[in-house]
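Taken together, the values in this text are just the output of simple stated rules run on the coordinates, not laboratory data. Computed from a predicted model, the values in this text were never measured in an experiment. Cβ placement follows ideal geometry from the backbone for every residue including glycine, while neighbour counts extend to all protein chains displayed.
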Amino acid sequence: MSTVSRSSFASTVAQRFVLVILLLAAWWLAALRMPQFVLPGPLRVAHAFVGLLQSGTFFDDLGITLYRVVAGFLLAAAAGAPLGIALGSNPRVAHFFEPLLSIVNTVSSAIWAVFAIIWFGISNATTIFVVFMTAMPLILTNVWQGALTVDINLVELARSFRMSQTQIMRKIFLPTILPHFFAGARLAFGFGWRVSLVAETIGSSNGIGYRLRQAADLVQTDQVFAWTVTLVVLMLLLEAGVLKPLERRLFRWKKTD
Amino acid sequence: MSTAISGAISAAISLRSVGKNFGSLKVLDHVSFDVAQGEIVALLGTSGCGKSTLLNMVAGLLEATEGELWIDGKRTEGTKDRNALSYMFQEDRLLPWRTARANAEFGLEAASPAIPARERHTRANAVLDLVGLQGFADAHPHQLSGGMRSRVALARSLVTGPRILLMDEPFSKLDPQMRSQMHDELLRIHAMQRMTVLFVTHDVEEAIVLADRVVVLAPRPGRVREIVDVELPRPRTATDPSVAEAIRQLRLLI
């Protein structure tokens, strides 16, 4: 079994490699017929990237954006998970508050960003708020739905062993909810990351979003591309290096291994 | 086996005129019988005769509407005083995110004062050995067959060292061959540990193969129709003429 998975792993790596080469080639060909400010070629973008690295603020911008995303995300998780559990275990409360969630979900992140500017001005809080308002409903909804899937038979089992309400929460509810929380958190982090850039373009004076707008204003298209490539690579690394292995380790008891 | 009422105080379980209503519906009416220490007793009846309700009241998952329930010579109050007891459900109800060992340990985690993790571990291993699952302690439920899952559930019930084991049609989800294997397994463990067993079944054969006595319930409302002593030597095989005859006789009663 391990040899099969190893050879399929190797073939996946080869396929990904070919795909990257194809994309680069297509990009390069397309860029040949386009003006630099519309579509800069791969080489020029690589140059721009080196320029960014040498600019001195690259890691500061990366760090401050990451800080805002993580802070907004953690606040969203800290608020969304308990609220989701509360709604999941109180159907009446859930029924009452459900419309509120729909309202929050229909408001676009751009509108939150506008409000954030009015309320918090140009500050970290603006971006953190937008990330929070986007990520929190996602986590809440997933945890809530997860709490609804708790097997009443297992709760009865715990009762037959005379377990306390706290023990039932810890030993039955939390493990059932965890995969749902994880799915929600993953979605929320992805969305939070994307909307943080929108928020930064209008509500901050540093960070990746701000640099993107600056580059766009000055028609430094190569820098816009360099930032974009940086972000994509960063997210892929996070996905493959942290989230996938963590998920595999946490949920190795599931059938779909 | 003696069924004398005078022995009630020393009985492991004693029901006296126990009744249960769900709203205005009378489910059980004046049910009285004793289960002696170390005895295996079957509650037999068609569906709707309230046999699972009766077991749930003994287990303390439900409260009786009327009558007295004595466990180990002590009168129980409501759903309390059930420490000597273990309950095995119709389904295995294993926690899918736990290994076989951790599932067995689950039975020990409610204990107060808490049992140290190391001791829980050792006792879970021992009880998995007892049910013939050595080598599968680290497997997750989805990796186990139905029979093995049933063994894990049995291990979880036995890990507390209960003096009384209650079972609600515990092997009804297994195929016939696996079921008779689990019967042998249960009788083997019973011979070693001599716990009292009260189990619910609608399977006449299962009742005859396992039980010292069979309490036959009549439906609507559930009440005791007859208590049958099974005085056949063990092991009992359903194809054995005397066992087959006992099964036939019992079948005529329900």
Problem set entry | Inter-site label distance for residue B:238 and residue A:19 at 7 Å from Cα along Cβ, in nm | 5.5 nm
Exercise. Okay, helix-only estimate at 222 nm for chain B: each DSSP H run of n ≥ 4 adds -39500 (n - 2.57), divide by all residues, round to 500 deg cm²/dmol; what do you get?
Worked result: -10000 deg cm²/dmol
Exercise. Could you give the angle, 0 to 90 degrees to the nearest 10, between helix A:91-106's Cα long axis and the longest principal axis of the Cα atoms of chain A?
Worked result: 10 degrees
Seminar exercise, completed: Put in order of increasing Cβ neighbours within 10 Å, starting from the fewest, B:253, B:217, A:148 give B:253, A:148, B:217
Exercise. What percent do you get for the relative contact order of chain A when only Cα pairs under 8 Å and 6+ apart count?
Worked result: 25 percent
Seminar exercise, completed: Neighbour-count ranking for B:70, A:144 (other C-beta within 10 angstrom, fewest to most) reads B:70, A:144
Exercise. What does the average come to when, for each residue of peptide B:49-62, you count the partner chain Cβ atoms lying within 10 Å of its Cβ?
Worked result: 1
Exercise. Which residues' amide hydrogens lie under 5 Å from the amide hydrogen of residue B:200, considering only partners 5 or more residues apart or on another chain, with H built in the peptide plane?
Worked result: B:43, B:167, B:168, B:169
Seminar exercise, completed: Residues B:226, B:109 in order from fewest to most other beta-carbon atoms within 10 Å are B:226, B:109
For this session: Could you tell me how many degrees, from 0 to 90 and to the nearest 10, lie between the Cα long axis of helix B:117-130 and the main elongation axis, the longest principal axis, of the Cα atoms of chain B?
Result: 60 degrees
Seminar exercise, completed: In debye to the nearest 20, the charge dipole size for the stretch A:153-211, taken about the Cα centre with +1 at each Lys and Arg Cβ and -1 at each Asp and Glu Cβ, equals 200 debye
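Students often get this wrong, so check it: of B:26/B:51; A:171/B:20; B:74/B:173; B:20/B:74, which have C-alpha atoms separated by over 23 Å?
Among B:26/B:51; A:171/B:20; B:74/B:173; B:20/B:74, the Cα-Cα distance tops 23 Å for A:171/B:20; B:74/B:173.
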Exercise. So what is the relative contact order for chain B, in percent, with contacts set as C-alpha pairs under 8 Å and at least six apart?
Worked result: 27 percent
Exercise. Which value in deg cm²/dmol, rounded to the nearest 500, describes the helix-derived mean residue ellipticity at 222 nm for chain A, given -39,500 (n - 2.57) per DSSP H run of n ≥ 4 and division by the residue count?
Worked result: -27000 deg cm²/dmol
